[in-house]
Amino acid sequence: MSTYDELIERAASEILNSKNTVALTGAGISVESGIATFRGAGGLWEKYDPEEYAHIAKLRSNPERAWILFKEMIETIRKGEPNPAHVALAKLEDMGLLSVIITQNVDNLHQDAGSKHVIEFHGNTLNLSCMECGKKYLASEISLDEIPPLCACNGVLRPDAVLFGEAIPFDELVESRKAAETCDLMLVIGTTALVQPAASMPLIAAENGAKIIEINPEESALTYIADIFIKGRSARVLSDILRKVEEKVG
Ligand code: NAD
Ligand code: ZN
């Protein structure tokens, strides 16, 4: 058994030795920004079953009800700020040590932290679009006092997140697969790895010879393929890895 410090040291060396590192992030990386995961305690998911509220069919048949959840999600997400884990990934990209983040999150926190190359696998809740004419809006410019919010054309607006019952946007899927196939190191952070097809990205990477470093306070469905599993919260672990990388670079 390696100690925590040894694992941090090994992770930092792998990042420095890699030619192409990619990160896959899930809801866990935003927990320390105050945004709960689906399954964690205290989330709005305890009140609203996401498959019931955030399903495209339910949005179409009963937009008032779906928007009860969307409104709370948007309000929760807008209060959240990037935490040290988001910041560490942005710094690694700045240093030329991380090529892209594939995120399952819909909270914009990677971009807020300064990350430039982010693939939003499940879209972004802060962008809205009209279900009739397709016109796009920012959630920040739309009042949610009355729901569902409406477009100038009177169509119902929706968040541009991938809802249950919807496919992953084609370009994002292709780009993510390419990133997974071509990386030689993948950081898998804060995901249960249960939601497909995002969960298959580390498998694709591993099949193509990439090493996998996983960071999570709990084991996930993919821990068995991890070369290095660092048990812990991502804010602390990624800050420690970044510090070690900076120390080694000098
Ligand atoms: P998940 O809820 O299934 O799993 C979250 C994972 O995070 C768990 O493995 C948990 O052990 C881990 N975790 C908890 N605290 C952590 C911490 N401090 N640091 C690191 N990891 C921590 O999330 P998922 O696998 O990403 O899949 C659920 C889907 O729900 C995703 O598609 C995502 O789009 C969506 N979602 C997004 C947000 C968001 O945008 N912030 C929030 C909730 C759900
Ligand atoms: Zn419209």
Exercise. Check cross-link reach from LYS135 to the aspartates and glutamates: straight Cα distance under 18 Å, and skip same-chain residues fewer than eight apart.
Key: ASP160
Practice problem: Using a Gaussian network model of the chain whose springs link C-alpha atoms within less than 10 Å, name the residue from ILE225, ILE15, ILE142 with the highest mean-square fluctuation. | Solution: ILE142
Quiz item: Regarding the stretch 48-118, what are the three Cα extents along the principal axes, ordered largest first, in Å?
Solution: 48, 22, 16
Self-check item: With 5 Å bins from 0: P(r) over the stretch 149-193, alpha-carbon pairs, percent
Solution: 5, 15, 13, 19, 18, 10, 7, 7, 5, 1
Practice problem: Sort MET186, MET73 so that the residue with the fewest other Cβ atoms within 10 Å of its own Cβ comes first and the one with the most comes last. | Solution: MET73, MET186
Exercise. Quick one: P(r) of the stretch 1-140 from all Cα-Cα pairs, 10 Å bins, percents rounded to integers, in order of increasing distance.
Key: 11, 34, 31, 16, 7, 1
Quiz prompt | Exposure proxy order (Cβ contacts within 10 Å, fewest to most) of HIS86, HIS55, HIS117, HIS122 | solution = HIS117, HIS55, HIS122, HIS86
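With both partners inside the chain, how many of the DSSP beta bridges are antiparallel, as a percent to the nearest 5?
About 30 percent, rounded to the nearest 5.
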Quiz item: Tilt of helix 170-182 relative to the longest C-alpha principal axis of the chain, in degrees (0 to 90, nearest 10)?
Solution: 10 degrees
Exercise. Over all alpha-carbon pairs of the chain, lay out the pair-distance distribution in 5 Å bins, whole %, shortest bin first.
Key: 1, 6, 13, 18, 19, 15, 11, 8, 5, 3, 1, 0, 0
Quiz item: So for SER99, SER143, fewest C-beta neighbours within 10 Å to most, what's the order?
Solution: SER143, SER99
Quiz prompt | Cross-link pairs beyond the 32 Å C-alpha cut-off, checked among LYS58/LYS211; LYS71/LYS116; LYS79/LYS248; LYS47/LYS91; LYS19/LYS71 | solution = LYS58/LYS211; LYS79/LYS248; LYS47/LYS91; LYS19/LYS71
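Here, each number is a calculation from the coordinates, and none is a lab measurement. Computed from a predicted model, the values in this text were never measured in an experiment. When we count neighbours, we look across all protein chains shown, and the Cβ atoms used for this are built from the backbone with ideal geometry, even at glycine.
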